[in-house]
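Values in this text are rule-based calculations from the coordinates and carry no lab data. The shown structure was predicted, so the numbers you read here are calculated from the model rather than taken from an experiment. Neighbour counts run over all protein chains shown; Cβ positions are idealised from the backbone, glycine included.
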Amino acid sequence: MDALIAGYRRFRAETWPHRRQMLERLADHGQQPRAMVIACADSRVDPAMIFDTAPGEIFVVRNVANLVPPYQPDGAYHGTSAAVEFGVLGLGVRDLIVMGHGLCGGVRALIEGVPDGLDTFVGPWIRLAEPACKRVLACNPADPQLACEYATVRLSCENLLTFPSIAERVADGRLRLHGAHFDIRTGILAMLSADGTFVRAT
């Protein structure tokens, strides 16, 4: 905690003076992000850093393995679905990006098995992607980890379209849906293309 407080002190001394007006404006007028990013909770993957955005520019939800469950309005607790609903209907974002990443621990657990002690919540959550990963693994990919990381992005994009409000907005052009994958080792971002492959962003 000491290191975090030290970071806060640096923020107040070095960053706050330069960004004070912007943050005060966001406080007074509210947020109007141009995009929403659904990313993994992995501490090495920061959407704001990857897309070089300032506060207020992107609305971010992060969870284990950047998964989106299918539309299921059953009254249970659905944190990711609630964030999606707020971003699309509450904030009116125009672009919705699902961003997976290299070396994803959630994906590795799907391939190798959930580590001991993580099956109360993590296990059931990542099993959302189990059928998608089994399909790609059945094709004997050269890089099973990467193939499954791509599969989770495709699956989340497919599940987003089960939300009626999203499907409607994508159909009429009010919302654009994107898939992406960030390689931690190289810093390269790849985007999901219409044919289902991932192509380096340029």
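Selection of region 15-43 for residues being surrounded by fewer than 12 Cβ atoms within 10 Å (Cβ to Cβ) and within 23 Å of Ala109 (Cα to Cα) yields only Ser43. For region 91-117, a tally of residues being free of Cβ contacts under 8 Å to residues at least 12 places away in the same chain and either within 27 Å of Gly187 (Cα to Cα) or surrounded by 16 or more Cβ atoms within 10 Å (Cβ to Cβ) (or both) returns 1. Exactly one residue out of Arg185, Arg127, Arg108, Arg174 is under 17 Å from Phe59 (Cβ atoms) and either within 18 Å of the chain's Cα centre (by Cα) or not hydrophobic (A, V, I, L, M, F, W, C) (or both): that is Arg174. Residues in region 75-133 that are of a type outside the set (Val, Ile, Thr), under 26 Å from Ala147 (Cα atoms) and assigned to a helix (DSSP H, G or I): 17 in all. Please work out if Met49 is hydrophobic (A, V, I, L, M, F, W, C) and exposed (fewer than 14 other Cβ atoms within 10 Å of the Cβ). The answer is yes for Met49. Picking from residues in region 118-138 that are in contact (Cβ under 8 Å) with a residue 40 or more places away in the chain and of a type in the set (Val, Ile, Thr), the one that is surrounded by the most Cβ atoms within 10 Å (Cβ to Cβ) is Ile126. Among the residues of region 181-202, the ones that are surrounded by fewer than 15 Cβ atoms within 10 Å (Cβ to Cβ) and either polar (S, T, N, Q) or not in a strand (DSSP E or B) (or both) come to 12 in all. Restricting Ala65, Ala54, Ala27, Ala35 to those that are under 19 Å from Val122 (Cα atoms) and among the small types (Gly, Ala, Ser) reduces the list to Ala65. Within region 153-169, track down each residue that is surrounded by fewer than 17 Cβ atoms within 10 Å (Cβ to Cβ) and either more than 18 Å from the chain's Cα centre (by Cα) or farther than 18 Å from Glu85 by Cβ (or both). Of everything in region 153-169, those that are surrounded by fewer than 17 Cβ atoms within 10 Å (Cβ to Cβ) and either more than 18 Å from the chain's Cα centre (by Cα) or farther than 18 Å from Glu85 by Cβ (or both) turn out to be Pro164, Ser165, Ala167, Glu168. Phe59 meets the conditions (1) closer than 30 Å to Glu130 by Cβ; (2) in contact with a Gly (Cβ under 8 Å, 6 or more places away or on another chain); (3) hydrophobic (A, V, I, L, M, F, W, C); (4) in a helix (DSSP H, G or I) in every case but one. The failed one is (4). In the set (1) over 20 Å from Met49 (Cβ atoms); (2) not in a helix (DSSP H, G or I), His178 fails one condition alone, (1).
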